[in-house]
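Q: Got a structure for you, questions after.
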Amino acid sequence: MAAKKVLLRFSSSLISKPIVYRLIKDFDLTFNILKATIRPDEEGEMVLEISGNGENYKKGIAFLKESGVEVLDTEKKITKDEERCYQCSACTGVCPSGAISIDRKTMWVSFDPEKCIVCELCVGTCPSRAMQVRIK
Amino acid sequence: MTEEMKVKKTYAEINAKIKKGEAVVVTAEEMIDIVDKEGAVGAAKKVDVVTTGTYGPMCSSGAFLNFGHCKPKMKVQKAWLNDVSAYAGLAAVDLYIGVTEIPEDDPANKVYPGKFLYGGGHVIEDLVAGKDVRMKALSYGTDCYPRRELESLINLEGLNECYLFNPRNAYQNYNCAVNLSTKMIYTYMGGLRPKAGNANYCSAGQLSPLLNDPYYRTIGVGTRIFIGGGVGYVVAPGTQHNPSVKRGENGVVRAPAGTIATYGDLRGMHTRYIKGISMQGYGTTLALGIGVPIPILNEEMAQATGVSDEQIVTQIVDYGVDYPQGIAKSYGEVNYKELKSGKIMIDGKEVKTASLSSYPMAVEIAETLKDWILKGDFLLGEPQDLLPSADSGVSFKPLKERM
Ligand code: SF4
Ligand code: SF4
């Protein structure tokens, strides 16, 4: 019964379909929605913490992929090179999970690897290449 | 200056106080409260110097270097530093390496958006770090300079001179960039999602040097500055210096305006304040820290340095269609307090903001410069010429293409 964090990205045509509902019903998985941004006509993004039996988890993920949902790899991890970071805040504009946060008073940017879902959006965005992908 | 000033100080008086360790120095952030509480005249009496800071991408930057003569001698015609082309159309062993130059074999945007992992800015960072850089050079050979090929490692210690000479730095204000087209774009202002999916800005706002001296009353040729962690100078108005843009009642420019050309010896710099960086899909550049001290010669300068984020506005500009097509259009004004809050409203829609310029590092630079001045290590450089101001008639001309 391991809980795994995944980021799902889906096109606007999938938004109206009951995909997440089927995860519960057909695969007996439970989940917490950590974050969801869905706007009409745009790509949707959802961060789920899924728990359930390992076999069902795999099948559930396979089902999502077949349905056209992009499921982001969680075998990798993101590290931050604090020496390279120059505290610009560019990464705060793309992080969907809350792993990168900013103190609005000092504008200080912090990274919490626990909350990272390895979507890798910050990696290309970071001008100093402080955010890096590593294999776990 | 039309009115007679109540407070009058000279550079010599302030420098004498700095030498005696008696000068009152505060950062531009600290000055806001002082002017608020004591008024401009009170603040001008109390404070001698206000320090500013900025740290962000500065594309119009590069370094001159002289690597010393080899035997037999060579007049270098083409040169590369870690495969990045350097300009050699100067005397025999002088080179200029620009920060946006990329290696000859870089895939650039062939795999879109390009990563641009290494370029001229990174070469300069490597030199500052004391690392060896591989130099390759070619020439046609002359009677006095017969050598035609050269390959050697070089580093900062072995070079004769190596200094930044930047045609345009420290922009006074900058656009807030959005993308109103329907596809994702990658710009020097970062990645911009379609239909105003995000907004990027790039200024230290209330700490930014030229925003604290809106009419360039004290910043000019010869102003001594913090640059890349070392000491340097303002050497000229920067390229595209445009003092004629619209201003608020407080004199602060409402769009990108003034710029400075700067000089600074790489020896004495630190990689904490000078870094090669990569803008995805755009290219390489340099993140550079600059700090300028502003002498409080009178109450006008006290008032100017008391400016806060709320009182500085900029324009929302579309980089999807307008900017590349040279269409000057604004989609509204926002102030830096709003930009720093993390979201702004555009056309009734909430849009997330992020900065490419570092506010925490701007604070650190202003604080460092303050410490240097308080210790008596850093004296003010009195400018020999000021930058062209709002009444100069200088403005920024587009190219008229002709054959
Ligand atoms: S990879 Fe980067 S952007 Fe994505 S969740 Fe982790 S920290 Fe945030
Ligand atoms: S984008 Fe990179 S340099 Fe800027 S705050 Fe994030 S990690 Fe630091």
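What follows is calculated from the coordinates using simple rules that are stated; it is not laboratory data. This one's a predicted model, so the numbers in the text were calculated from it and none came from an experiment. Neighbour counts are summed over all protein chains in view; Cβ atoms, including those assigned to glycine, are modelled from backbone coordinates with ideal geometry.
Q: Looking at residue B:209, is it in contact (Cβ under 8 Å) with a residue 40 or more places away in the chain and either under 13 Å from residue B:168 (Cα atoms) or over 15 Å from the mean Cα position of the chain (by Cα) (or both)?
A: Working: in contact (Cβ under 8 Å) with a residue 40 or more places away in the chain: yes; either under 13 Å from residue B:168 (Cα atoms) or over 15 Å from the mean Cα position of the chain (by Cα) (or both): no.
Considered against the rule, which asks whether it is in contact (Cβ under 8 Å) with a residue 40 or more places away in the chain and either under 13 Å from residue B:168 (Cα atoms) or over 15 Å from the mean Cα position of the chain (by Cα) (or both), residue B:209 comes out as no.
Q: Checking the condition closer than 28 Å to residue B:294 by Cα, outside any loop (DSSP other than H, G, I, E, B) and in contact with a Gly (Cβ under 6 Å, 6 or more places away or on another chain), which residue from B:164, B:211 passes? Explain how you work it out, then say what you get.
A: Numbers: B:211 fails: in contact with a Gly (Cβ under 6 Å, 6 or more places away or on another chain).
One residue alone meets the criteria, B:164.
Q: With respect to residue A:93, is the statement that it is surrounded by 13 or more Cβ atoms within 10 Å (Cβ to Cβ) and away from chain B (no Cβ under 12 Å) true?
A: no
Q: Could I ask something else about it? Considering only segment B:109-120, state which residues are farther than 11 Å from residue B:82 by Cα and in contact (Cβ under 8 Å) with a residue 24 or more places away in the chain.
A: B:109, B:112, B:113, B:114, B:115, B:116, B:117, listed by residue number.
Q: Same structure again: Tell me the residue from B:338, B:333 that is acidic (Asp, Glu) and more than 14 Å from chain A (Cβ to nearest Cβ), please.
A: B:333
Q: Follow-up question, since we're still on this one. Can you tell me which residue in segment A:110-129 is nearest to ligand 1 (Cβ to nearest atom), limited to those that are at the interface with another protein chain (Cβ under 10 Å from one of its Cβ atoms) and under 19 Å from the mean Cα position of the chain (by Cα)?
A: A:121
Q: Quick test of your reading of the structure: residue A:108 fulfils all but one of (1) hydrophobic (A, V, I, L, M, F, W, C); (2) surrounded by 20 or more Cβ atoms within 10 Å (Cβ to Cβ); (3) within 16 Å of ligand 2 (Cβ to nearest atom). Name the failing condition by number.
A: Going through the list (1) hydrophobic (A, V, I, L, M, F, W, C); (2) surrounded by 20 or more Cβ atoms within 10 Å (Cβ to Cβ); (3) within 16 Å of ligand 2 (Cβ to nearest atom), residue A:108 breaks only (2).
Q: Same structure, new question: Taking residue A:102 and the conditions (1) more than 25 Å from residue B:56 (Cβ to Cβ); (2) of a type in the set (Val, Ile, Thr); (3) within 14 Å of another protein chain (Cβ to nearest Cβ), which numbered condition does it fall short on, given that it satisfies the others?
A: With (1) more than 25 Å from residue B:56 (Cβ to Cβ); (2) of a type in the set (Val, Ile, Thr); (3) within 14 Å of another protein chain (Cβ to nearest Cβ) applied to residue A:102, the lone miss is (1).
Q: If the requirement is being more than 16 Å from ligand 2 (Cβ to nearest atom), farther than 21 Å from residue B:55 by Cβ, within 14 Å of another protein chain (Cβ to nearest Cβ) and touching a residue at least 40 places away in the same chain (Cβ under 8 Å), which of these qualifies: B:316, B:344?
A: Result: B:344 is the single residue among B:316, B:344 that is more than 16 Å from ligand 2 (Cβ to nearest atom), farther than 21 Å from residue B:55 by Cβ, within 14 Å of another protein chain (Cβ to nearest Cβ) and touching a residue at least 40 places away in the same chain (Cβ under 8 Å).
Q: Here is a follow-up. Give segment A:86-109 a look and list any residue that's of a type in the set (Phe, Trp, Tyr) and either within 11 Å of ligand 1 (Cβ to nearest atom) or without any contact (Cβ under 8 Å) to a residue 40 or more places away in the chain (or both), or say none. It would help to see each step written out before you state the result.
A: Quick first cut of segment A:86-109, residues of a type in the set (Phe, Trp, Tyr) only: A:86, A:108.
Residue satisfying the conditions is A:108 alone.
Q: Would segment B:170-189 turn up any residue that is of a type in the set (A, V, I, L, M, F, W, C) and without any contact (Cβ under 8 Å) to a residue 24 or more places away in the chain?
A: Yes.
Q: Since residue A:64 meets every condition but one in (1) within 16 Å of ligand 1 (Cβ to nearest atom); (2) surrounded by 12 or more Cβ atoms within 10 Å (Cβ to Cβ), which condition does it not meet?
A: (1)
Q: Return the only residue of A:75, A:55, A:83 being more than 10 Å from ligand 1 (Cβ to nearest atom), more than 25 Å from residue B:339 (Cα to Cα), among the acidic types (Asp, Glu) and facing chain B (nearest Cβ under 9 Å).
A: Checking each option against the conditions leaves just A:83.
Q: Of everything in segment B:1-52, what is crowded, with 21+ Cβ neighbours inside 10 Å, acidic (Asp, Glu) and assigned to a helix (DSSP H, G or I)? Give them in sequence order.
A: Of everything in segment B:1-52, just one residue is crowded, with 21+ Cβ neighbours inside 10 Å, acidic (Asp, Glu) and assigned to a helix (DSSP H, G or I), namely B:29.
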